[in-house]
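Please read the structure below before turning to the comments.
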Amino acid sequence: MKVLVTGANGFIGVNIVHHILEVYPNWSLTCLVKSSQDNIPEHVKVIKHDLNQPLDCMDESFDVCVHAAACPSSRDCIKNPGLGIQNIIQTYNVLEFCRRTRVPKLIFMSSCEVYGRGSDSLKETDLLYSVNMYGASKVAGEHICAAYARSYGMQCIALRIMNTWGPYCQKERFASI
């Protein structure tokens, strides 16, 4: 299995990388990072690329792409709404890469912020009602992934992540630490 992980040095991405290395050591793993490759083991292939630009630098094909790259902070997207637009552009660039190189499966790391409100009982069928550009960028990403799936036969899965905590997390997001 050949896997591409975007945002491989971010909290979600790096944990996915470490999980794959531990559970599936025979898989071929390529990590796409914007700048730093901290926390990625030296033996893993790393490609530095800003996903705000098309992925024309790569022609390699993969069995699956895990798209975890994004501005991870709703607070930052509120201060600078352009970061939400960058999330959308990055998702488009990843999807275009997958279409061009015929990557059959994409896993899109979305967010519970697509719902716009907290609840103990959110369901996939609940109304999407983002209240900031971060949530809106994740709604847009989900819809763009669905359009690519229908238009190009690619399998796309959106995972709506919530309450992330663990190794490599952004501790400044948790005031109690």
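Here are some notes:
- Put simply, the amide H of C156, placed in the peptide plane, has neighbours under 5 Å in L106, leaving out anything fewer than 5 places away on its chain.
- If you sort the three axes of the alpha carbon gyration tensor as a ≥ b ≥ c, you get a/c of 1.5 or more for segment 64-150 and a/b no higher than b/c, which makes it oblate.
- The charge dipole of the chain, taken about the Cα centre with unit charges on the Cβ atoms of Lys, Arg (+1) and Asp, Glu (-1), comes to about 220 debye, rounded to the nearest 20.
- When the solvent-accessible area of segment 5-111 is split by element, carbon and sulfur atoms take up 50 percent of it, the probe being 1.4 Å.
- Separation in nanometres of the label points that stand 7 Å from Cα toward Cβ, at C57 and R75: 3.1
- Excluding ligands, DNA and RNA, the accessible surface per residue across the chain is 56 Å² with a 1.4 Å probe.
- The chain: relative contact order in percent, alpha carbon pairs under 8 Å with at least 6 residues between: 21
- Kirkwood-type radius of segment 1-89, with distances r between different C-alpha atoms, in Å: 13.7
- Cα gyration tensor category, rounded, prolate or oblate, for segment 117-161 with a/c compared to 1.5: prolate
- Probe 1.4 Å, all protein chains present, accessible-area order of R117, R100, largest first: R117, R100
- Shape category assigned to the chain from the gyration tensor of Cα positions, a/c cut at 1.5: oblate
- Length released on extending from R99 to I47, taking residue separation times 0.36 nm less the Cα-Cα span: 16.8 nm
- In the chain, lysine pairs with alpha-carbon atoms under 24 angstrom apart (chain gap of 8 or more, or interchain): 19
- Per-residue ellipticity at 222 nm computed for the chain from its helices equals -11000 deg cm²/dmol, with DSSP H segments shorter than 4 residues left out and the rest contributing -39,500 (n - 2.57).
The values are calculated or read from the model by the stated rules, or taken from the named source; none is laboratory data. Fair warning: this is a prediction, and the values are worked out from it, not measured in the lab. Every residue, glycine among them, receives a Cβ derived from its backbone with ideal geometry; neighbour counts consider all protein chains shown. Accessible surface is based on the protein model in full, side chains and every heavy atom, while ligands, DNA and RNA are left aside. Shrake-Rupley method; radii C 1.70, N 1.55, O 1.52, S 1.80 Å.
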